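A.B. asks: Pasting a structure below so you can have a look.
The values are calculated or read from the model by the stated rules, or taken from the named source; none is laboratory data. Keep in mind the model is a prediction, meaning the values are calculated, not measured. Note: ideal-geometry Cβ built from the backbone for every residue, glycine included; neighbour counts use all protein chains shown. The protein model used for the area step is the full one, side chains on, heavy atoms only, and it has no ligands, DNA or RNA in it. Shrake-Rupley method; radii C 1.70, N 1.55, O 1.52, S 1.80 Å.
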Amino acid sequence: TQQICSVMNHPGPVTIRKNAIKFPWSDDKFCQWVREEDEVNAAPMARLLLKESKHENPDHVNKNKQRLHPSSSGDTQGLRLVAPKDGQSNCFVIGESFKSTSEVGMIEPPVGCLQIIPRGNSSATNPESEIISSPTMNQSKSIWSMKAWKKGYFEVQDAGSQFIVQSLQVQPGDSILDYCAGNGGKTFGLASAIRTQCLFSNSSQASYIVAHDVVDERLRQVKGSMSRVGFVPNGSGDSSDRDVYAAERGNVTIEIMNSSTLEASCLEFDAVLVDAPCSSSGVLRRRPSQRWEITQQEVFAQLPYLQLSILEKAASFVRKGGRLIYSTCSVLDVENDGVVDEFERTRAFSNLGFSRWDFGLDEANDKSSTCNYAHGKHTVTM
């Protein structure tokens, strides 16, 4: 218990996402920029994970967990998903190293996913130096005082949130709905991901993102962040409830919509993200009060009902052939697997023609993997 409390009370790693709208150059150039201008060290997560894998002891790995370990794919460091022999667990562990022949998929650290590392420790940028065991922000330098943050070059965003954005597999030209946009972290992450794809493919196709939330104050926060992250007003829509913004660089448009405007729009999207409100059980270090404030009634009755109703509503906005992604920051099955399983039994799932996400696997030939019956209901723990 003391060890758990000690870990949970220690500051977590400061993970950031490079904003390709304002800083379209490479991750290494970004790290160089903040090192020279802000005197802060940063390193791509892929590099940190690769270095950590060389120091992991596979004998200490929990045998009941599915695991991810680094693999090389061209110039990109990836993470291979490997299932345990019993095929029962659905928990991914980032950065563990071991050997297995049951490779069933891949998660790669997104481009632009970086961590702030302590001042004076250059191991992340020097491949011959020792691995950093716990990258944390130098307390003498506030993130919000950094020139790079003020210029909109990066956002503070957990790696798990960046993996969720990556799971949408956005492409230039896509239309995307962030149904529970909150303060816009994933909305801006999607815009940055599309900009990155445009740079890689030399595409100029127009992409369209809608940030929706039922809480008007959250939408005001999204609007207030537009200028710093590289978006300018681009006229208004059919009513005063509608705001449209265009990226300074790249052909990406973000529109802010409340519920009434979205429902009246009759729009359909290539991808819909439902990052549903939840118990926050997976981010207790950042929300310690939830340990005492959350109740069993909320977790086992109220929240799953709310999450399912939100998922059903959001499903109606997915175009034929589109993608629906459900996520939470909870580690509890009742809010993740349970909600998605219930959704698959609803009329919305059958009537709208949804099918499970097969991860590109051959279900008939691999019975050991939980991915064979899953639809995306895997938990990534950081």
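A.B. asks: For the full complex of protein chains and a 1.4 angstrom probe, list Trp144, Trp33 by accessible area with the highest value first.
C.D. replies: Trp144, Trp33
A.B. asks: Okay, next question. When you count, for each residue, the other Cβ atoms within 10 Å and take the mean per peptide, how do 336-349, 273-286 rank with the highest first?
C.D. replies: Descending mean neighbour count gives 273-286, 336-349.
A.B. asks: Over the stretch 205-288, what per residue volume does the convex hull of the Cα atoms give, in whole Å³?
C.D. replies: Considering the Cα atoms of the stretch 205-288, their hull volume per residue is 141 Å³.
A.B. asks: For the stretch 316-327, just list the computed ³J(HN,Hα) in residue order, Karplus coefficients 6.51, -1.76 and 1.60, θ = phi - 60°, integers in Hz, with x standing in for Gly and Pro.
C.D. replies: Working through the residues one at a time gives 5, 9, 8, 6, 4, x, x, 10, 10, 10, 10, 8 Hz.
A.B. asks: To the nearest 20 debye, what is the magnitude of the charge dipole of the stretch 213-342 about its Cα centre, counting +1 on the Cβ of each Lys and Arg and -1 on the Cβ of each Asp and Glu?
C.D. replies: 560 debye
A.B. asks: Once the cut-off is 21 Å, how many percent of the Cα-Cα pairs in the stretch 154-218 end up in the long-distance tail?
C.D. replies: The calculated P(r) of the stretch 154-218 puts 22 percent of pairs beyond 21 Å.
A.B. asks: While we're looking at this one, here's another question. Which pairs break 24 Å Cα to Cα here: Lys22/Lys147; Lys147/Lys186; Lys147/Lys223; Lys18/Lys313; Lys22/Lys313; Lys22/Lys320?
C.D. replies: Correct reply: Lys18/Lys313; Lys22/Lys313; Lys22/Lys320.
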